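Below is one structure; the comments refer to it alone.
The values are calculated or read from the model by the stated rules, or taken from the named source; none is laboratory data. Note that the structure is a prediction, hence the values are computed from the model and not measured. Because the Cβ atoms are built from the backbone with ideal geometry, glycine has one as well, and the counts that use them run over all protein chains shown. The area values use the complete protein model at the heavy-atom level, side chains included, leaving out ligands, DNA and RNA. Shrake-Rupley method; radii C 1.70, N 1.55, O 1.52, S 1.80 Å.
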Amino acid sequence: MPRGNMGMKLVISAKILRRVIAGYCFTVYINFNKDSFLYGLINNSAMTNYKSISTTTITNCQFSICTIVSDMNEYLLMKHSFEDCGFTGDCEYIIADNSEGNKLDACQAINFFIRESTANYLIIVHQDVRCIDNRIILEKCLTDLSAIDSKWAVCGNAGAIGYHQLVYYINNAGKIMKNSNLPARVISLDENMLILKRATGVSASSNLSGFHLYGTDLCINADFLGYNCYVIPFMVNHLSLGNLKDLDKHINSFILSYGSKISGRFIQTTCTKFYLSNSPLKNRIYNYPFIFFFLKAIQRLKLFFKRLLKANPHKKISTSE
């Protein structure tokens, strides 16, 4: 069929067939069009385990490895790295196909993953991540975390406790960064890898768009629901430093979105920092560069006295090229 014949073009998007038979969940996901890259790969054996087009039945699913895909070759390398580390069998792989353009932004994709997952945990991971630690290590991390805090909802490998208090356990573009005494409770998480406990009901905000700050969004939503978020010692290799091109624009929309929701607080992420409150006037004033300078000075004083009175339990133990 010619590509130009739009009248005959087959488009099937997000149609789901679910049947529960004798305790087995049989699921078929179709999310492609006839001219798409995915359509051409249906008969390719590499695609047979993609839950987006798979008829494989998985019972008692433990992990859903979920990825927004813009480059299928890059995604396959990520997927194979997780399979090599033991994420097979009771694991499913779900994709949001953006290979032909941004059909879903990050928050839309995350909520799609949550709806379609049948697993206990979702691993929401960038396509340019390569798994290093094996599944046994992750399961131990999650068991240990649950023993410490049964109210955890989201964890990852990089985040922030507060002003200039970043916590890492990651190989980031060849630079290994580790902090001690993990897990560490954080207020934000980096988006290269997020592990979400599905039973908590935490999801992404529907009024945010784009591909920035959705890790922070999940952490704040978890806080609203009475849950906590952590950095855990599970190592992956993130091949890039991330794309911060449009971050400033998304900070403004993020502040506007949350401005009417929460009490005033200083937000520190692995990439940026800003003041956030339920007052549009305070947000405008306190984030003005001259005022924000003094706000940071107050945070520095708080951090100084915090360290003076109590040693940092999460000291940096490794930063190497």
Check: Working out 0.36 nm times the residue gap between Asn111 and Ser263, then minus their Cα-Cα distance, what length gain in nm do you get to one decimal?
Finding: 52.2 nm
Check: Which loop-located trypsin sites (Lys or Arg not before Pro) does the stretch 174-251 contain, where loop means any DSSP state but H, G, I, E or B and the Cβ has at most 12 other Cβ atoms within 10 Å?
Finding: Lys245
Next item on the list: Could you please put Glu74, Glu92, Glu100 in sequence from largest to smallest accessible area, using a 1.4 Å probe?
Entry: Glu100, Glu74, Glu92
Check: Expressed as cubic angstrom per residue, what is the convex hull volume of the alpha carbon set of the stretch 188-321?
Finding: 155 Å³
Next item on the list: Take the alpha-carbon centre of the stretch 257-306, take the same for the stretch 195-211, and report the distance between them in whole Å.
Entry: 23 Å
Checklist line | Sequence of Tyr258, Tyr288 from largest to smallest accessible area, 1.4 Å probe | finding: Tyr288, Tyr258
